[in-house]
Amino acid sequence: QVQLVESGGGLVQAGGSLRLSCAASGRTFSSFAMGWFRQAPGKEREFVAGIKWRRDTAVYADSVKGRFTISRDSAKNTVDLQMNSLKPEDTAVYYCNAIDYGLRQSLGSWGQGTQVTVSS
């Protein structure tokens, strides 16, 4: 089983930045794409951004487009999410996972996630 460990979350004021990192251990498939999701209290988990392992093609939710940037290092099995111009509504637990790039849906089990809290 692939283990996913998210890190980099924290408390930041509105307008600030955070960089999240996802480290995958175990076997991964190069054909997989990876994505970030988030879940705010009382809300469903939602897709944030996705990227293919073999290409730097990326896709973003409209709510974060222009503010967040996803990147990956295929050799290290890591996927980062640079979050700029953070808003209080970005507050959520952020998770990474393998995804179907076209469907923007997760394919694996969830890790612990990392908490991002944006204060106003």
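The values are calculated or read from the model by the stated rules, or taken from the named source; none is laboratory data. Not measured: the values here are computed from a predicted model. Glycine also receives a Cβ, built like all others from the backbone with ideal geometry; neighbour counts cover every protein chain displayed. The area values use the complete protein model at the heavy-atom level, side chains included, leaving out ligands, DNA and RNA. Shrake-Rupley method; radii C 1.70, N 1.55, O 1.52, S 1.80 Å.
Which of the residues that make up segment 88-105 are polar (S, T, N, Q) and either surrounded by 18 or more Cβ atoms within 10 Å (Cβ to Cβ) or part of a loop (DSSP other than H, G, I, E, B) (or both)? Selection gives Thr91, Asn97. The single condition among (1) in contact with a Leu (Cβ under 6 Å, 6 or more places away or on another chain); (2) in a loop (DSSP other than H, G, I, E, B) that Trp36 does not satisfy is (2). Restricting attention to segment 64-82, the residues that are modelled with pLDDT of 95 or more and part of a loop (DSSP other than H, G, I, E, B) add up to 4. Being outside any strand (DSSP E or B), open to solvent by 20 Å² or more (accessible area, probe 1.4 Å) and over 18 Å from Gly8 (Cβ atoms) is a property that Ser85 lacks. Among the residues of segment 59-79, the one identified as charged (D, E, K, R) and either in contact with a Gly (Cβ under 8 Å, 6 or more places away or on another chain) or surrounded by 19 or more Cβ atoms within 10 Å (Cβ to Cβ) (or both) is Arg72. In segment 13-44, of all residues being at pLDDT 95 or above and charged (D, E, K, R), the one that is least open to solvent (accessible area, probe 1.4 Å) corresponds to Arg38. Among the residues making up segment 45-55, those that are open to solvent by 50 Å² or more (accessible area, probe 1.4 Å) and not in a strand (DSSP E or B) are Arg45, Arg54, Arg55. Among residues of segment 1-23 that are among the basic types (Lys, Arg), those with a Cβ under 7 angstrom from a residue that is assigned to a loop (DSSP other than H, G, I, E, B), sequence gap 6+ or separate chain, pair up as Arg19/Gly8. If I filter segment 45-63 down to residues being of a type in the set (Ser, Thr, Tyr) and modelled with pLDDT of 95 or more, which single residue comes out as farthest from Ser21 (Cα to Cα)? Once the filter is applied, the top-ranked residue is Ser63.
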